[in-house]
Amino acid sequence: QLATQIVADAKAANPYDKAKAIETWLRTNIAYNETIPEPPRNQDAVDWVVFDYKQGYCNYYASAMVVMLRTMGIPARMA
């Protein structure tokens, strides 16, 4: 739902614009921090960073973007 809302708010129509909108949202709303604590054991790490902790580093940004893009039918993988 979050990815859909981000894309709708950005009025993104093609895969590139959708990806750019999600990237921009992540950079704006998730503070970069290399020293975050370990995510809670009972919660998905990406969900925890995006919805609760709102801080993370490159692996979390990339993972969140891949998950969001895939939910929108855009092929994505972490390399």
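Within the range 1-23, residues that are in contact (Cβ under 8 Å) with a residue 12 or more places away in the chain reach partners that are of a type in the set (Ser, Thr, Tyr) and open to solvent by 90 Å² or more (accessible area, probe 1.4 Å) with beta carbons closer than 8 Å, at six or more positions or on different chains, in the pairs Ala3/Thr71; Thr4/Thr71. Scanning the range 32-50 turns up at least one residue that is in contact (Cβ under 8 Å) with a residue 40 or more places away in the chain and in a helix (DSSP H, G or I). Limited to the range 51-79, what total is found for residues that are part of a loop (DSSP other than H, G, I, E, B), surrounded by 11 or more Cβ atoms within 10 Å (Cβ to Cβ) and of a type in the set (D, E, K, R)? Count: 1.
The values are calculated or read from the model by the stated rules, or taken from the named source; none is laboratory data. Computed from a predicted model, the values in this text were never measured in an experiment. A quick note on method: Cβ atoms are made from the backbone with ideal geometry, for glycine too, and the neighbour counts reach across all protein chains shown. With ligands, DNA and RNA removed, areas are computed over all heavy atoms of the protein, side chains included. Shrake-Rupley method; radii C 1.70, N 1.55, O 1.52, S 1.80 Å.
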